[in-house]
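One structure below.
Laboratory data are not the source of any read-out in this text; all were calculated from the coordinates shown. If you're wondering where the values come from, they're calculated on a predicted model, not measured in any experiment. Here the Cβ is made from the backbone with ideal geometry for all residues, glycine too, and neighbour counts use every protein chain on show.
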């Protein structure tokens, strides 16, 4: 139970008795702050109707101390302003949910999103704080890392354009050529769905699922993900990578979690860490901050974000990264037009990087996620004989179709993850997360 010193103890004691009369067992209280109505600065638990009470240096510290001491089944909030405002209260809710407890109070109830332990092999979730943060690229890089270490994974991905039923895509058997993907798009499918991109770029078996909607704590309103995990359990691969979608978190238990955060501008801090924004970070065993390069990122804001993340999840490694396109076919000696979902500020940098593969880049578009602008941008691709594109958004039904109809060759590209700072190289961080997942899998799911 959460209380504050802005209420007279007798008032709180009466509310506690109402909780007991309603069938609840009150095991203790955490005093979040406030002193106006605490006589002589003394805090006596029995005055509040409880046997024991904890106090912290901050509301969050008091909450965590109470959870640690009392091991409750739920947290009930009897506090109010000015000790807690909406932002700080929702941070407490995020922290409570992250340890598997519901958080309830006057007129609100936050329930723990159900994530049953369905995986029959060690699992690592890749989740994010938003769309276009780079989850798919991180999942692909993780898959390649596991494969290189002899830990063959299967990816289960969910997306807003995923297949009606879970679909197994084995890159050794499934035709992922531009022509085949265009035929898929013309049949009415989303041929740039995340699971197809995963299979193409990571080169591992991927199972595609779909989801609709997303709650404040990452729960999708509707999803076929659990059925996808059941399919993965039947396969011979020894590891599972569970890939989220937008801010939606895979609705099954994961043994370890990587949280992907897009580098913020100075004005984005509260979108990432305010209110319930902290929730996905609180689940993390590794935080990957992406798009950390100028002029896209405010490096001061990145440093401030990193400090806040480390304060929120002390001991969790944080790594800075950016992306570089890696064509999945030869482009040496060719003139290239490049399409990407990356922001305008860095699209030119990414396009220029393709010249390290021996190509001449004659133009680029950052409008891959905006069909009308992309159609216009493609009109300037006339001098190119190769289209290089990420497999995202309108890459197939518009960009690939445009190129093939004009006799251009299409080469899809991977977003290669490049570490730029933080806690060590990805070559050691990813295996460490995998070791942690294996250890937790052997021990069984935590609460």
Where the centre of each part is set by its Cα atoms, how far does region 232-286 sit from region 199-222, in angstrom? 11
Can you say what percent of the DSSP beta bridges in the chain, counting only those with both residues inside, are antiparallel? Round to 5. 25
Relative contact order of the chain: what whole-number percent is it, with Cα pairs under 8 angstrom and at least 6 residues apart? 15
Between 0 and 90 degrees, rounded to the nearest ten: what's the tilt of helix 344-353 against the longest Cα principal axis of the chain? 50
Please state the shape class of region 160-217: rounded when a/c is under 1.5, otherwise prolate if a/b exceeds b/c and oblate if not, all from the C-alpha gyration tensor. oblate
Would you mind putting 79-88, 250-259, 274-283 in packing order, based on average other-beta-carbon counts within 10 Å, highest first? 250-259, 274-283, 79-88
Scattering profile of region 106-265 from the Debye formula, Cα beads only, expressed as log10 I(q)/I(0) at q = 0.09, 0.14, 0.15 Å⁻¹, is -0.27, -0.65, -0.74
Find, to one decimal place in angstroms, the Kirkwood hydrodynamic radius of region 75-192, where the mean of 1/r is taken over every pair of different Cα atoms and then inverted. 18.5
When the helices in the chain are scored as -39500 (n - 2.57) per DSSP H run of 4 or longer and the sum is shared across all residues, what 222 nm value do you end up with, to the nearest 500 deg cm²/dmol? -9500 deg cm²/dmol
In what sequence do 408, 158 fall when counting other Cβ within 10 Å, fewest first? 408, 158
As a footprinting exposure proxy, order 392, 131, 121, 173 by other Cβ within 10 Å, with the fewest listed first. 173, 131, 121, 392
Relative to the longest principal axis of the chain, what angle (0 to 90°, nearest 10) does the C-alpha long axis of helix 9-21 take? 70
For region 2-110, convex hull volume per residue from C-alpha positions, Å³: 92
For region 2-110, what does the relative contact order come out to in percent, with C-alpha contacts under 8 Å and a separation of six or more? 27
Taking alpha-carbon centroids only, region 360-380 lies from region 106-152 a number of Å equal to 32
Relative contact order (percent) for region 325-419, with alpha-carbon contacts under 8 angstrom and 6 or more residues of separation? 35
Output ordering of 304-310, 381-387 (per-residue mean of other Cβ within 10 Å, highest first) is 381-387, 304-310
Rank by packing, highest mean first: peptides 320-329, 64-73, with packing defined as the count of other Cβ atoms within 10 Å averaged across residues. 320-329, 64-73
Give me the Kirkwood hydrodynamic radius of region 325-419, using the inverse of the mean 1/r over all pairs of distinct Cα atoms, in Å to one decimal. 12.8
With the alpha-carbon atoms as the only input, what is the per residue convex hull volume for the chain in Å³? 150
Value of Rg/Rh across region 357-396 [Cα atoms, Kirkwood radius]: 0.95
Counted neighbours (other Cβ, 10 Å), sorted fewest up, put 12, 396, 50 in the order 50, 12, 396
